[in-house]
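A.B. asks: For reference, the structure I am asking about is given below.
What follows draws every value from the coordinates through simple rules; no lab data is involved. These figures come from a predicted structure and were not determined experimentally. Using ideal geometry, Cβ is built from the backbone for each residue, glycine included, and neighbour counts are taken over all protein chains shown.
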């Protein structure tokens, strides 16, 4: 293949990806790049060469440690020092119930020529559907 054919093939692929990205604007999508990287995010902007996405980053909440009035170095009694060290380690090893993480989104730019595939992020509705059945309006007046 000549260079012109390769360039036209890449341009055609970039045009197809541009159309797909345009159709899925503001949707939660998963993209796969030509180097094998898979990224999920929300397409926010698009131009002729690039796709702009908001990509989530999992964050863990910052633990606020409360300092005791006396630090272990200031106490004279070694028994008190060991108790304070044990209490500090117990505070750091507490268990979380549920998901202690939250997500923060940041903007990332991907060249259209580097995209290999684009798909909608899978959404599974809860089963069974809403737990309460729909009831018709109450036949009697409310007063």
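A.B. asks: At what distance in nm do the modelled label points of residue 109 and residue 60 sit from each other, each positioned 7 Å from its Cα along Cα→Cβ?
C.D. replies: My value for the distance between the label points is 3.3 nm.
A.B. asks: Starting from the Cα of residue 40, step 7 Å along the direction of its Cβ; do the same at residue 25; then give the gap between the two resulting points in nm.
C.D. replies: About 2.4 nm separates the two model spin labels.
A.B. asks: Stretch residue 2-residue 117 to full length: gain in nm at 0.36 nm per residue minus the Cα-Cα span?
C.D. replies: Extending this stretch completely gives an extra 38.9 nm.
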